[in-house]
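*Asks:* So that we are looking at the same thing, I have put the structure below in structure tokens.
The values are calculated or read from the model by the stated rules, or taken from the named source; none is laboratory data. This is a predicted model, so every value here is computed, not measured. Don't worry about glycine lacking a Cβ; one is built from the backbone with ideal geometry, like all the others, and counts go over all protein chains shown. Keep in mind that these areas ignore ligands, DNA and RNA; they rest on the heavy atoms of the full protein, side chains included. Shrake-Rupley method; radii C 1.70, N 1.55, O 1.52, S 1.80 Å.
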Amino acid sequence: MTYIAKPKLHHPTLQTNKVGYTRRDYEGKVSTLCAGCGHDSISAAIVQAAWELDIEPHKVAKLSGIGCSSKTPDYFLGASHGFNTVHGRMPSVLTGAALANRELLYLGVSGDGDSASIGLGQFAHAMRRGVRMVYIVENNGVYGLTKGQFSATADKGSKSKKGAVNSDSPIDLIGMALQLGATYVARGFSGDKAQLVPLIKGAIRHGGAAFIDVISPCVAFNNHAGSTRSYDHVREHNEAVSRIDFIDLAREITAEPAPGQVIELPNPDGSLLRLRKLHEGYDPTDRRAAMNLVQQLASEGEYATGLLYVDPHASDLHAALNTVDKPLNTLQADRLCPGAEALNRINAGLR
Ligand SMILES: Cc1ncc(C[n+]2csc(CCOP(=O)(O)OP(=O)(O)O)c2C)c(N)n1
Ligand code: SF4
Ligand SMILES: [Mg+2]
């Protein structure tokens, strides 16, 4: 409950990370979501990833839309910047913020209703423009906040809690992100934290648009037999294509996994993604192969999870627009005003 304040006192022996924070410093308010909601597990994974990566909380901006999922930024990274936008509009507000200040880490949190219905256009343009962000959709197949209507990602033929059958074809945000040019595309499951934390860490260190679709069961409205987003169904149909290890800059690489089944991909900052391939011959740097595999597994009723595609040389919107290398609010008059001579030249060029 948000009115219950978390105790501020920490045990003096709590472990701190390299920037001096304990894991608790990355938490937010007490969650108001239903007990057992998958979204709370995703918040916990974000807390874990940010703490382990030694991210300074004041250097993060978390933005969301409207929905139970979009409420979650209140429950993690309490000392970070936050903005709760209008339903489906997180990507455009985030794009503006990211262009104004390129030094923050941008976390966009959304729901399947927020991103696959009202915000579908916004989602598409953020992906195709390569806005550098971690875009997480907490995908439960329903509009949880408005009491369980099917969302646009609900599978055709799946049943609502009251027994209604969904007659519409689902939108697969993973397939769309791949097609639209996202450079880091992953799917996780809120019930598999061991897989989700490294997926989030890899996305944080990625140099472009990173999209993670996290299947996150809604225990209130979509956790029954006949639902394809229930904990039981997802556990039975979860097909991991890879196991990902995230190796930070200074971490020593210890046990060597078997060669042939391992791919090592460097991030722009020198940290490393190490993927154990679980699918024979699968190449996570081949966009078309990723699209084929995702579709093939979907036609068999399986969810492909893990890091599905990554472009280790991704660039972002700032590079495409050749923007200034400093946050706009730090620019002084000498950089903001080019002077009369330069203005005259520009004006002359437009005549
Ligand atoms: C412009 C607008 N239209 C509709 C709504 C009503 N509404 C609130 S949340 C929501 C859907 C939320 O679903 P999702 O994004 O999947 O989040 P969840 O609650 O399932 O996590 C809707 C339709 C709204 N708040 N604003
Ligand atoms: S209604 Fe569903 S999505 Fe919303 S908090 Fe409850 S379990 Fe989670
Ligand atoms: Mg939803």
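*Asks:* For region 24-48, which positions are open to solvent by less than 40 Å² (accessible area, probe 1.4 Å) and of a type outside the set (Ser, Thr, Tyr)?
*Replies:* Across region 24-48, the qualifying residues are Gly28, Leu33, Cys37, Gly38, His39, Ile42, Ala44, Ala45, Ile46, Val47, Gln48.
*Asks:* Tell me which residues, restricted to region 318-351, are hydrophobic (A, V, I, L, M, F, W, C) and either open to solvent by 60 Å² or more (accessible area, probe 1.4 Å) or modelled with pLDDT under 90 (or both).
*Replies:* First pass over region 318-351, keeping only residues hydrophobic (A, V, I, L, M, F, W, C): 319-321, 324, 328, 331, 333, 336-337, 340, 342-343, 346, 348, 350.
Matches in region 318-351: Ala319, Ala320, Leu321, Leu328, Ala333, Leu336, Cys337, Ala340, Leu343, Ile346, Leu350.
*Asks:* Please determine whether any residue of region 155-176 is more than 28 Å from Ala50 (Cβ to Cβ), more than 16 Å from ligand 2 (Cβ to nearest atom) and among the hydroxyl-bearing types (Ser, Thr, Tyr).
*Replies:* yes
*Asks:* Ser43 is checked against (1) within 16 Å of ligand 1 (Cβ to nearest atom); (2) outside any helix (DSSP H, G or I); (3) on the phi < 0 side of the Ramachandran plot and fails just one. What number does that condition carry?
*Replies:* Just one mismatch for Ser43, condition (2).
*Asks:* For Ala298, which of the numbered conditions (1) at pLDDT 85 or above; (2) at positive phi fails to hold?
*Replies:* (2)
*Asks:* Next up: Between Gly88, Gly78, which is away from ligand 1 (no atom under 16 Å from the Cβ) and in contact with an Asp or Glu (Cβ under 7 Å, 6 or more places away or on another chain)?
*Replies:* Gly78
*Asks:* Collect the residues in region 186-217 that are within 16 Å of ligand 2 (Cβ to nearest atom), farther than 23 Å from Pro57 by Cβ and open to solvent by less than 10 Å² (accessible area, probe 1.4 Å), keeping them in residue-number order.
*Replies:* Across region 186-217, the qualifying residues are Phe189, Asp213, Ile215, Ser216, Pro217.
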